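What follows draws every value from the coordinates through simple rules; no lab data is involved. Keep in mind the model is a prediction, meaning the values are calculated, not measured. Using ideal geometry, Cβ is built from the backbone for each residue, glycine included, and neighbour counts are taken over all protein chains shown.
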Amino acid sequence: MGLSNSIIRQNYIIPADDFSLAGEASSSVKKMLNQLGVPPKTVKRVSIAMYEAEINAVIHAGGGTADVAIDKEKVLITINDEGPGIPDVELAMKEGFSTAPDSVREMGFGAGMGLPNIKRYADKLDIKTEVGKGTRVQITVLL
Amino acid sequence: MFIEKKTLTFSQAQSRSIIGGDRMNEYFHSVTLDEEKCKGCTNCIKRCPTEAIRVRKGKARIIAERCIDCGECIRVCPYRAKKAITDPLEIIKNYKYKVAIPAPTIYGQFRAARSTNHLLTAFKLLGFDHVYEVAKAAEIVSNATRELMKKNNFRKPLISSACPAVVRLIQVRFPSLIDNILKLESPMELAARIVKDELVKNENMRIEDIGVFFITPCAAKVTSIKAPYESEKSCVDGAISIKDIYLKLLNALGEVKEEAEEQLVKSGFEGIRWASSGGESLALGTDNFLAVDGIHNVISILEELENDKLKDVDFIETLACQGGCLGGALTVENLYVAKTRIKKFIDMAKKNSVEDNSANIYEYDLLWTRNVEHKPIMQLDDDFEVAMQKLETLRTISEDLPGLDCGACGAPNCKALAEDIVRGNANETDCVFKLREKVRALTIQMMEIESMMPPVLDKDDKNSDKTDKKDKY
């Protein structure tokens with residue numbers, strides 16, 4: 001098998017406003033990592049970080065896409081959305097800070113733990129955002 | 001990629017007799033198949049929470065590494081072909097002194113039972129010398145859990161270990177939650193220890209003369225006795241199912257006169273309540289718990305936990321059977337009827353609380369003597385790179401399968417078949433739709449070849465003839 005086979009890629013569409021489907025992409029990635037025999041603790045870190053990013057895209061940005069690339073060294077997750085963007089990333093990274101509407105909070109989401117949680121579980125977190133255009137969250141977890 | 005076809009490693013337990021059998025076999029299972037009754041239908045393969053069953057040669061085979069003994073297949077089989085191996089009542093004759101330790105579920109089974117003492121006395125007529133309620137031990141476990149939770153140095157939320165099927169489910173499917181399991185001895189084990197210690201100390205008996213038998217509502221507990229995960233060896237000497245002794249016990253209830261009832265009850269209502277979903281939680285003195293029952297519901301909750309949700313909950317009670325142990329696959333009474341019946345016993349116990357301080361007398365260390373390990377069942381290969389290749393192949397095969405999840409291939413769904421294929425345990429043509437596609441392609445090819453004639457044999461010299469011939473098909 002050639003080099004191209006050493007990377008597994010999978011793309012997902014994150015649907016807008018559908019909490020019942022949110023988390024399906026991270027579940028699917030979790031399954032793949034288990035099939036690869038990745039240690040449980042690492043699988044957990046990947047799936048939580050990705051789940052939070054997925055939920056963020058649902059709550060704030062009307063959905064988006066998730067692109068996952070797995071190779072021997074790492075899992076790279078890129079979540080793209082065309083939402084409102086984050087005006088102050090530093091503030092958004094603070095625990096408990098949230099701009100989620102009450103309707104979302106009532107469902108148990110939007111506690112202001114999304115980005116901080118992603119940062120806690122990721123080895124590298126890169127956020128590129130432009131107000132009015134959208135956000136790209138790139139999460140790296142080393143294997 | 002060429003994959004060698006291997007035979008599945010199916011449960012060895014089927015051919016092995018369990019009594020006096022190999023206790024240390026880590027893949028012992030109580031749940032087994034009755035070959036003669038099995039029709040090879042798809043009911044059990046589809047409901048199995050760990051995708052542990054495949055139909056091969058017209059019979060449902062259990063993959064030992066995956067089975068968690070939840071008993072779901074026993075419940076769903078329309079032909080009663082799935083059964084639990086339990087010990088027959090006669091096994092008690094192997095011991096000089098015979099003790100029954102009935103699960104709290106027993107209180108919900110008999111309309112004819114006047115009181116706890118009535119029910120417990122009836123056991124004596126079946127040949128038991130002594131009866132000790134597992135419900136009593138459950139109260140001691142509840143005390144210990146409360147103490148543990150007071151210390152506050154545990155991983156939140158604690159997941160109950162009362163149901164062994166759930167513990168095994170966590171081992172195979174939710175390894176990251178192993179640290180959350182409440183690692184305290186089960187009420188059944190503790191009951192057996194207390195009984196044996198008491199008899200040795202107070203009655204000067206030899207421990208080898210005492211046989212302690214659990215009266216079980218489920219298969220999962222039988223497996224816990226024959227192949228425990230929390231210790232080297234179980235203190236319980238056998239497991240007799242509620243349904244096997246139901247009739248004998250019913251007759252005995254009729255024979256025990258009110259004045260002949262012995263004072264055997266030790267448990268209070270909190271112990272009896274363990275039989276229902278929520279019972280263990282209610283004894284903890286906190287409202288901050290979540291109780292879930294039914295194996296598929298349990299899976300949903302464990303998935304939420306894995307996603308770091310439910311951090312605000314202190315205790316999670318997870319029972320594989322709907323309704324809790326009262327819904328066990330080896331019980332007789334309908335779950336909802338049993339719930340009503342057991343209420344009577346709970347109310348009685350609330351009224352006549354028994355003065356019993358044995359909980360304080362025994363200073364038992366209830367911590368498990370060994371930890372449960374992760375038993376990976378999903379991993380495609382030990383070598384990461386090979387696993388990557390297999391995963392890639394699996395995805396290609398998956399996309400190619402019809403996605404109808406019909407189960408006719410013997411696997412629960414198309415994804416599972418794809419997995420079986422890359423593991424070398426199945427072929428693509430096991431799929432009836434794939435097989436039909438292949439037959440069709442082959443037929444077309446054959447027809448094409450059939451219409452071709454070597455020029456020397458071609459007697460009809462006109463080309464138009466050939467087209468005619470083709471048109472016929």
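All C-alpha pair distances within the protein assembly as shown, sorted into 20 Å bins from zero, spread as 17, 43, 28, 9, 2, 0 percent across the bins. Fewest-first ordering of B:D209, B:D314 by other beta carbons within 10 Å of each residue's beta carbon gives B:D209, B:D314.
Taking 24 Å as the cut-off for C-alpha to C-alpha distance, list the pairs among B:K39/B:K339; B:K57/B:K243; B:K196/B:K266; B:K98/B:K344; B:K196/B:K221 that go past it. Where the Cα-Cα span goes over 24 Å, the pairs concerned are B:K39/B:K339; B:K57/B:K243; B:K98/B:K344. If the chain between B:D179 and B:E399 were fully stretched, how many nm would it gain, using 0.36 nm times the residue separation less the Cα-Cα distance? Stretched out fully, the B:D179 to B:E399 stretch lengthens by 75.5 nm. Take the Cα pairs of chain B, get the Kirkwood Rh, then feed it into Stokes-Einstein at 25 °C and 0.890 mPa s and tell me D in µm²/s. Rounded to a whole number, D works out at 99 µm²/s. The ranking of B:I62, B:I53 from fewest to most other beta carbons within 10 Å of each one's beta carbon is B:I62, B:I53. Of all the stretches in chain A, which is the longest one without any exposed loop site, taking trypsin sites (Lys or Arg not before Pro) in a DSSP loop (any state but H, G, I, E, B) with at most 16 other Cβ atoms within 10 Å? Here the longest run is A:1-71. Here the range B:221-325 was treated as a single set of alpha-carbon atoms; its pair distances binned every 5 Å from 0 give 2, 10, 11, 14, 20, 17, 12, 7, 4, 2, 1, 0 percent. Among the listed pairs A:K44/A:K94; B:K46/B:K183; A:K72/A:K128; A:K74/A:K94; B:K37/B:K82, those with a Cα-Cα distance over 20 Å are A:K44/A:K94; B:K46/B:K183; A:K72/A:K128; A:K74/A:K94.
Give the Kirkwood hydrodynamic radius (Å, one decimal) of chain A, defined as one over the mean of 1/r across all pairs of different Cα atoms.
Its Kirkwood hydrodynamic radius stands at 15.3 Å.
Straight-distance candidates among the aspartates and glutamates for linking to A:K133, with alpha-carbon spacing under 15 Å and chain neighbours fewer than 8 residues away dropped: A:D81, A:E82, A:D88.
This ranking places A:D102, A:D123 by how few other beta-carbon atoms lie within 10 Å of each, fewest first, which gives A:D102, A:D123. Restriction of the trypsin sites (Lys or Arg not before Pro) in the range B:154-248 to DSSP coil positions whose beta-carbon has at most 15 other beta-carbons within 10 angstrom yields B:R155, B:R206, B:K233. Expressed in nm², what is the orientationally averaged projection area of the convex hull enclosing the Cα positions of the range B:89-361? Across all orientations, the range B:89-361 yields a mean hull projection of 14.0 nm². Note on the range B:105-161: Rg/Rh from C-alpha atoms, Kirkwood Rh, equals 1.18.
Within the straight-line cut-off of under 12 Å between alpha carbons, the aspartates and glutamates reachable from B:K96 are B:D129, B:E208, B:D209, sequence neighbours fewer than 8 places apart in one chain being disregarded.
Here's how it looks for B:R61: its modeled amide H is under 5 Å from those of B:R54, B:V55, B:R56, which are all 5 or more places away or on a different chain. Looking at chain B alone, DSSP beta bridges between its own residues are antiparallel in about 30 percent of cases.
Antiparallel beta bridges, as assigned by DSSP with both residues in the protein assembly as shown, represent about 65 percent of the total such bridges.
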